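Derivation of every value follows stated rules applied to the coordinates shown; laboratory data play no part. As the structure is a prediction and not an experimental result, all values here were calculated from the model. Note that we place each Cβ from the backbone using ideal geometry, even for glycine, and neighbour counts take in every protein chain shown.
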Amino acid sequence: MSSRIRTYVFATDPITAAGISSQLRQGPDVLVVDAEELDSAQVALVVVEDIDEDSARVIRAIQRNGVPRVVVVTTHADDAGLLAAIEAGVCGLLRRADATPARLAAAVKSAVDGDGTLPPDLLGRLLDQVSQLQRRVLAPRGILLNGFTEREVSVLKLLAAGSDTAEIAKNLCYSERTVKNVIHDVTSRHQLRNRSHAVAYAVRQGVI
């Protein structure tokens, strides 16, 4: 019993919630918990017609109650809904028509393992939107998808190599004041304590 994934099911109508909960209980991997045990859930399944602002509020409320991973099951999934789900912090999305008991259980397991679930066509649309975001919004401002500028990455790489401010300035043909400003911008924006913390954060994010 302890190895089963504690899962909370939310639906906009009680019949749907009861039906999905019943299906999940028949499998060996999921333990369905009720609203009183929400704070113990590892994953939440949120079943909605559309991913709109009301759905996003439900998702955020569930997350505020301590559920770390949310999978959405939706009747309709267009580009706007996909982005709304991502902005709300979901880790998986299934179309209701595809939500068989086996696929629901697989999505729950993927969520608790830290993986995501997304229909292939939506994945393609998501990648296209990310590409457009990079080309039209971030690149003109000199920002990479990881949230750092190319100049910040260059400075962080030299910091990681042990260079001091003067050495970084000489290597990159910047003034020392510019280097200090770059480091200050990084630590302030990401709420980091110091240079060492900035380097460690950049490594964790895969920036350097």
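Results, tabulated for the structure shown:
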read-out: Sequence-distant lysines (8 or more away, or on other chains) whose Cα lies within less than 30 Å of LYS170; value: LYS157, LYS180
read-out: Cβ charges +1 (Lys, Arg) and -1 (Asp, Glu), total dipole of the range 1-59, debye; value: 420
read-out: Residues in the range 63-80 reached by a label modelled at GLU49 [backbone nitrogen below 19 Å; 7 Å Cα→Cβ]; value: 72-80
read-out: Unit charges at the beta carbon, dipole of the range 141-204: most positive-side option, GLN191, VAL153, ALA166; value: GLN191
read-out: All-pairs alpha carbon distance profile, the chain, 5 Å steps from 0, percent; value: 1, 7, 13, 14, 13, 11, 10, 9, 9, 6, 4, 2, 1, 0
read-out: Dipole in debye (nearest 20) - the range 1-151, about Cα centre, beta carbon charges: Lys, Arg +1; Asp, Glu -1; value: 460
read-out: Positive dipole terminus of the chain, leading residue within LEU118, GLN132, LEU83 (C-beta point charges); value: GLN132
read-out: For the chain, built as a Gaussian network whose Cα springs stay under 10 Å, the top-fluctuating residue of LEU159, LEU118, LEU104; value: LEU159
read-out: Estimated FRET transfer efficiency when R0 is 22 angstrom, pair THR100-ALA18 (beta carbons, to 0.05); value: 0.80
read-out: ASN65 versus ASP79: modelled label distance in nm, points set 7 Å from Cα along the beta carbon direction; value: 3.4
read-out: Restricting the range 1-78 to trypsin sites (Lys or Arg not before Pro) in coil, as DSSP defines it, with at most 10 other Cβ within 10 Å; value: none
read-out: Antiparallel DSSP beta bridges within the chain, as percent of all bridges there, nearest 5; value: 5
read-out: Listed peptides 174-180, 108-114, 34-40 by packing density, highest first (mean Cβ within 10 Å); value: 108-114, 174-180, 34-40
